[in-house]
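Please read the structure below before turning to the comments.
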Amino acid sequence: MPAVTPERWTDLPRVQEPPESAIDRPVEKIATAPSLLEGAGFPVRRPWPTREIGFREADPFLLLDHLGAVEYAPGEAKGAPWHPHRGFETVTYIMDGAMEHHDSQGGGGYIANGDTQWMTAGAGILHDEMPPEELVRTGCLFHGIQLWVNLPKRLKWTPPRYQSLESRHVTLVASERGDSLLRIIAGEVGGHQGPGVTWTPVTVIHASLEPGAKLRIPWPTQYNALAYVLTGSGAVGPNGVLIHEGQGALFGSGDALTVTASIHPEGPTGRLEILLLGGEPIREPIASYGPFVMNTHADIVQAFDDYQSGRMGTVPATEFRPASDEPDHA
């Protein structure tokens, strides 16, 4: 897992543990992510929205897709060809492999090995997310996540924008005990701020816990709190509810978050790799259909009309190539 990992965690700034008087958030629900195919047919696991953790519980997060980890043979890697979005932000974080993005406004970029791309779809945009041709040709290990963050009604028509957060920009801190690494992509923890600029106030962290490590960090009382295990196993909450790869947790109220790694967490890194997420709930009606997330059914109808009429943009002509120019993967 090439996601940025310094050799000496003890040299990093430390996040001070909350006082004993702080209220640890209890675990309210555990969801095991079902598997499904997305885009051109790549496998994902989706812990929310599910029956256990729906829009209301995850608010302001709409969706989390865990991409892989999967070892693609030559010619197998797939992505998500051109498609529209409106009404929210997508956060794509790649831990292994690489992905290329292009959009109908000429933007996009290349993200790999610990990079994040934060795309505000806002009023509407077309884009694609595809593995680079070189990785399709040679095969590769691919592992990442995509998170959808809702926008309040007043911001759903904001102009689209991109943030390319290279792995070197991510804020790295250690737990007070020094046995956990926190990669802060967005938001603030214990006075340490991540680089992501967000319309909706959120915190996004990828934490790595050594075997047996206990991580206890402060958490804003006005935020909700969720966790998702990328690899390994451990326990969450003050009562140590067991959790393993492919499972998400919803926490109750409080001002501290606790995660403990198993003595033998297994997984490719030998550590518990976990996402810690929280945000300020928007508490507005949600109307969603595929790539559009708005507030009313009429908004969705308008989104389809705007997409079909080209008002969200058009696919650049340079993206179309004759069949003879396609790489031969045979």
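Only the coordinates and a few stated rules stand behind these numbers; no lab work does. This is a predicted model, so every value here is computed, not measured. Every residue, glycine as well, gets a Cβ built from its backbone with ideal geometry; the counts of neighbours run over all protein chains shown.
Worth a mention:
- Within a Gaussian network of the chain (alpha carbon springs, distance under 10 Å), most fluctuating of Q302, Q105, Q222: Q302
- Segments 194-205, 106-117, 225-236 sorted - mean Cβ within 10 Å per residue, highest first: 225-236, 194-205, 106-117
- Degrees, to the nearest 10: 297-308 long Cα axis against longest axis of the chain: 50 degrees
- Among beta bridges identified by DSSP and lying wholly in the chain, the antiparallel ones come to about 95 percent.
- Over the chain: helical MRE at 222 nm, DSSP H runs n ≥ 4 each giving -39500 (n - 2.57), nearest 500: -1500 deg cm²/dmol
- Summed side-chain charge close to I145 - residues other than I145 whose Cβ falls under 12 Å, Lys, Arg +1, Asp, Glu -1: -1
- For the chain, alpha-carbon Rg and Dmax in angstrom: 19.7, 68
- Alpha-carbon centroid distance for the pair segment 235-285 / segment 161-203, whole angstrom: 17 Å
- Reach of K153 by Cα under 16 Å, taken over aspartates and glutamates that are not fewer than 8 positions away in the same chain: D59, E89, E280, E284, D299
- Taking other C-beta atoms within 10 Å as the exposure proxy, R183, R154, R311, R161 rank R154, R311, R161, R183 from fewest upward.
- Packing-based exposure ordering (other Cβ within 10 Å, fewest first) of K153, K214: K153, K214
- Across the alpha-carbon set of segment 1-127, the Rg to Rh ratio works out to 1.02, Rh being the Kirkwood radius.
- Under 11 Å, Cβ to Cβ, from L67 - net charge with Lys/Arg +1 and Asp/Glu -1: -1
- By the count of neighbouring beta-carbon atoms within 10 Å, fewest first, H244, H127 end up ordered H244, H127.
- Anisotropy class of segment 62-145 from Cα gyration tensor, a/c 1.5 cut: prolate
- Computed over the chain: relative contact order in percent, which uses C-alpha pairs under 8 Å that are six or more apart: 21 percent
- Electrostatic bookkeeping for T158 treats Lys and Arg as +1 and Asp and Glu as -1; over the other residues with beta carbon under 12 Å from its beta carbon, the sum is +4.
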